[in-house]
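I have placed the structure first, in the form of structure tokens, so that the comments after it can refer back to it.
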Amino acid sequence: MSGHLPGIRRRLACMLYEGLVVFSILLIGFLLPQIVLSGFGFSLAPKLLWLHVTLLLMAYFVWCWLNGGQTLPMKTWKLRVVDANGTPPRPLQAVLRYMLAWPSILLFGIGIAWALFDPDKQFLHDRIAGTRIIGSD
């Protein structure tokens, strides 16, 4: 699979759109079940709530990356996640990319800003996981 390196603006725009998709996934897959559970008098400990969010979003991202290399926003922006050889990421590689994206984004976006200095303009979580985002037009 060949492709070119998309610009940082295009990848950031895709991330913004991804935020809308994640919001809707959390409404349906997290908030709705929690409302139903609370209606029956069940409540989960805060750590279990975070585990629910983490696993729900992991299922979404990893499944998308392993089945076509793209989430819906990535399809819209014509982006794809691949490994260093340009092939789809392996399952553990996709999970690693997902887990590394959390601190990459939540620590003041340090892993995103990394792309400004990286020789290949890749995000830090992609660099560590051995993946990259490519574009096609």
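So the values come out like this:
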{"item": "Paramagnetic reach from SER43 in the range 19-37 [backbone N under 15 Å; point 7 Å along Cα→Cβ]", "result": "34-37"}
{"item": "The range 8-135: relative contact order as a whole-number percent, Cα under 8 Å and 6+ apart", "result": "23 percent"}
{"item": "Reported label for calculated log10 I(q)/I(0) by the Debye sum over Cα atoms at q = 0.12, 0.16, 0.17, 0.18 Å⁻¹ given (1) -0.50, -0.83, -0.92, -1.01; (2) -0.39, -0.71, -0.81, -0.92; (3) -0.43, -0.79, -0.91, -1.02", "result": "(1)"}
{"item": "Under the Karplus curve 6.51 cos²θ - 1.76 cosθ + 1.60, θ = phi - 60°, whole-Hz ³J(HN,Hα) for the range 36-47, x wherever Gly or Pro sits", "result": "4, 4, 5, x, 9, x, 9, 9, 9, 5, x, 5"}
{"item": "Calculated from backbone phi, Karplus (6.51, -1.76, 1.60) coupling profile of the range 119-133 in Hz, x at Gly/Pro", "result": "x, 9, 6, 8, 5, 4, 5, 6, 4, 5, 7, x, 10, 7, 9"}
{"item": "Residue of VAL36, VAL21, VAL95 that the Gaussian network model of the chain assigns the largest fluctuation, springs spanning Cα pairs under 10 Å", "result": "VAL36"}
{"item": "Label-point separation in nm, VAL36 to ASN67, each point 7 Å along Cα→Cβ", "result": "2.0 nm"}
{"item": "FRET efficiency estimate (nearest 0.05) - Cβ-Cβ, VAL53 to LYS78, R0 22 angstrom", "result": "0.15"}
{"item": "Ranked list, fewest to most other Cβ atoms within 10 Å of each Cβ, for PHE123, PHE61, PHE23", "result": "PHE23, PHE61, PHE123"}
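Each reported figure results from applying straightforward, stated rules to the coordinates on display, with no laboratory input. Predicted model, so just to flag it, every value in this text is computed and none were measured. Quick reminder, even Gly has a Cβ in these numbers, built from the backbone with ideal geometry, and neighbours come from all protein chains shown.
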